[in-house]
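The values are calculated or read from the model by the stated rules, or taken from the named source; none is laboratory data. Predicted, not measured: the structure shown is a model, and the values here were computed from it. Note: ideal-geometry Cβ built from the backbone for every residue, glycine included; neighbour counts use all protein chains shown.
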Amino acid sequence: MLLILCPYCGPRAEIEFRCGGESHIERPGPYSEVDDGAWADYLFTRKNPKGEHRERWLHAAGCRQWFNVARDTVSHTILAVYPMGKTRPPTEAGT
Amino acid sequence: MGTFSFGSLLRNAMAGHKDWPRQWRAPDPKPAYDAIIVGAGGHGLATAYYLAKEHGVRNVAVLEKGWLGGGNTGRNTTIIRSNYLWEESEALYDHAVKLWEGLSHELNYNVMYSPRGVLMLAHNIHDIQVFKRHVHANRLAGIDNEWLTAEQAKEFCPPLNIAPGMRYPVLGAALRRRGGVARYDAVAWGYARAADRLGVDIIQNCEVKGIRRDANGAVTGVETTRGDIATKKIGVVAAGHTSVVMSMADVRMPLESFPLQALVSEPVKPVMPCVVMSNTIHAYISQSDKGELVIGAGTDQYISYSQTGGLHITTHTLDAICELFPMFRRMRMLRNWGGIVDVTPDRSPIIGKTPVPGLFVNCGWGTGGFKATPGSGHVFAATIARDEPHPIAAPFTMERFVTGRLIDEAAAAAVAH
Ligand SMILES: Cc1cc2nc3c(=O)[nH]c(=O)nc-3n(C[C@H](O)[C@H](O)[C@H](O)COP(=O)(O)OP(=O)(O)OC[C@H]3O[C@@H](n4cnc5c(N)ncnc54)[C@H](O)[C@@H]3O)c2cc1C
Ligand SMILES: [Zn+2]
């Protein structure tokens, strides 16, 4: 089980959280100019990397806030935790 | 290599089993092949076998980064059934069930296919409605599936607890009599041996690191840890690592890879007559011929390539098993492991061509592809050989995510197998 550092509540066990999948997927627009391929990409295509992954987590059984996590998908090490709407801080470990 | 027969078993038994020959060769890679299959799991080996047997494409290599059958094929709980909801899936999975029935004979290898019945438990009104809908849909498609009351379910599987006071009472069950289990490593070995006999090179400890392409984008070969190999056709059958391999040809996939776990108990005398699954409380169980209870758990919620899952996932499943089968409460669990499963948004596989000429993919079997092994290999081989989708595989192209013609099997496939 992961130990996740909620930026609002501190370190808590993974079972308190919900993983919301890949972060930083932008909705394409404007609506009328988006073709089916771009919608499919937005809805379904995922990076699914072996290595660093940026993903959204929800502290569901806690403060109910969303935030971003950069995590290694092989070692499960959490490399950074950062707020929604921000990009991953480049100073931390990883790339 | 010889053919297995009563005579050969007898002769070797008399000789103390010391004279059995190797069952397949360990060849070095040739400079070029007509087709290369990436991944020597059951699906990849079956693909190579049917390419050689039914399409006369014998100059084939199967490249495996580890040992053959060491991926999900060797990690799964081997439940076989075809009671999926949509006609496309019913056709695909039932194609496999029909091949399972003659597979030991076809491969001259005992895959220990045992159609002992698969019982899927309903614990709430929603389950009842969904399962009855499946029963009716399956009957229309000519696939046996029947609805049982809780008492009938207990009669079919005596260890089952149907006491009304349970946290999640058993309200009924769908029974697929032709469903069952098979021996996972015999499936991998049987296909490996049969493919090898037809001239297929199975090359283990050979990881594909890159995919080479010409100016038009068509594939020209692969780069591996054992050197470069030329080919004009590549079939990627890499399960949990599909996104990684496909990214070598700049193809992005609608896939996410999650750990899925299973565990086995100490061996005991025969006690479980069938397979029991519960999607709602995340548990499924059967008994192997060795006597171990084989128990399947759920997936972790995050992407992972670690082949291990969280312990809380398995303990959650054991809670459910103890409630469903109180007599197993004092059994000791011997081993627990994980495999990395590649999950699509609609829980149906992707089989077919890709935007890259010469590159084919067979993936997205997620938590439930073992049952499809023979059928998957069969239709994928036809797709590669003819360069157009086999009719049964045709609905399962990647384009369905663009056209919107999804084959949503979340109710039939998610969590359970
Ligand atoms: C715990 C668990 C329980 C399951 N239970 C069931 C069940 O009850 N019923 C059911 O139907 N299904 C079940 N499944 C799913 C089933 O195991 C899979 O869908 C199926 O086995 C996939 O077969 P495969 O041949 O495609 O994959 P695999 O057997 O995983 O083969 C893929 C191979 O590709 C190789 N590979 C990857 N990358 C490379 C590379 N770059 N170069 C060379 N080789 C590479 C891997 O090493 C691997 O051997 C379960 C899975 C798990 C993990
Ligand atoms: Zn919090």
Residue B:93 more than 20 Å from residue B:192 (Cβ to Cβ), hydroxyl-bearing (Ser, Thr, Tyr) and touching a helix residue (DSSP H, G or I) at 6+ places or on another chain (Cβ under 8 Å): yes
Any hit, the range B:288-310, residues being closer than 30 Å to residue B:402 by Cα and among the acidic types (Asp, Glu): yes
The range B:241-280 - residue that is of a type outside the set (A, V, I, L, M, F, W, C) and touching a helix residue (DSSP H, G or I) at 6+ places or on another chain (Cβ under 7 Å) and, of those, farthest from residue B:379 (Cα to Cα): B:280
Test result for residue B:227, more than 21 Å from residue B:361 (Cβ to Cβ) and away from ligand 1 (no atom under 11 Å from the Cβ): yes
Number of positions in the range B:92-121 that are small (Gly, Ala, Ser) and part of a loop (DSSP other than H, G, I, E, B): 1
Tally of residues being in a strand (DSSP E or B) and of a type outside the set (Phe, Trp, Tyr) across the range B:320-361: 16
Scan of the range B:45-71 for residues that are part of a loop (DSSP other than H, G, I, E, B), out of contact with any helix residue (DSSP H, G or I) (no Cβ under 6 Å at 6 or more places or on another chain) and surrounded by fewer than 24 Cβ atoms within 10 Å (Cβ to Cβ), ordered by number: B:56, B:59, B:65, B:66, B:67, B:70
Answer residue from the range A:56-77, given it is part of a strand (DSSP E or B), crowded, with 19+ Cβ neighbours inside 10 Å and within 11 Å of chain B (Cβ to nearest Cβ) and is nearest to ligand 2 (Cβ to nearest atom) among those: A:57
Flag for residue B:384 being under 30 Å from residue B:113 (Cα atoms) and more than 16 Å from ligand 1 (Cβ to nearest atom): no
Selection count, the range B:388-403, where residues are within 19 Å of the chain's Cα centre (by Cα) and closer than 15 Å to residue B:378 by Cβ: 3
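Scan B:74, B:39 and give me the residue that is of a type outside the set (Val, Ile, Thr) and surrounded by fewer than 24 Cβ atoms within 10 Å (Cβ to Cβ).
Working: B:39 fails: surrounded by fewer than 24 Cβ atoms within 10 Å (Cβ to Cβ).
Only one candidate passes the filter, namely B:74.
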Matching option when the condition is within 16 Å of the chain's Cα centre (by Cα) and either among the aromatic types (Phe, Trp, Tyr) or modelled with pLDDT of 95 or more (or both), among B:97, B:111: B:111
Pairs where the first residue, in the range B:385-407, is without any contact (Cβ under 8 Å) to a residue 40 or more places away in the chain and the second is surrounded by 21 or more Cβ atoms within 10 Å (Cβ to Cβ) and of a type in the set (Val, Ile, Thr), C-beta under 6 Å, 6+ apart: B:389/B:383; B:390/B:379; B:390/B:383
Residues located in the range B:285-312, provided they are among the aliphatic types (A, V, I, L, M), facing chain A (nearest Cβ under 9 Å) and either in a helix (DSSP H, G or I) or under 19 Å from residue B:160 (Cβ atoms) (or both): B:311
Filter result for residue A:29 (of a type in the set (Gly, Ala, Ser) and within 13 Å of ligand 2 (Cβ to nearest atom)): no
The range A:10-51, residues that are under 24 Å from residue A:75 (Cα atoms) and more than 14 Å from chain B (Cβ to nearest Cβ): A:10, A:11, A:24
Hey, residue B:162 at pLDDT below 95, touching a helix residue (DSSP H, G or I) at 6+ places or on another chain (Cβ under 8 Å) and assigned to a loop (DSSP other than H, G, I, E, B) or not: no
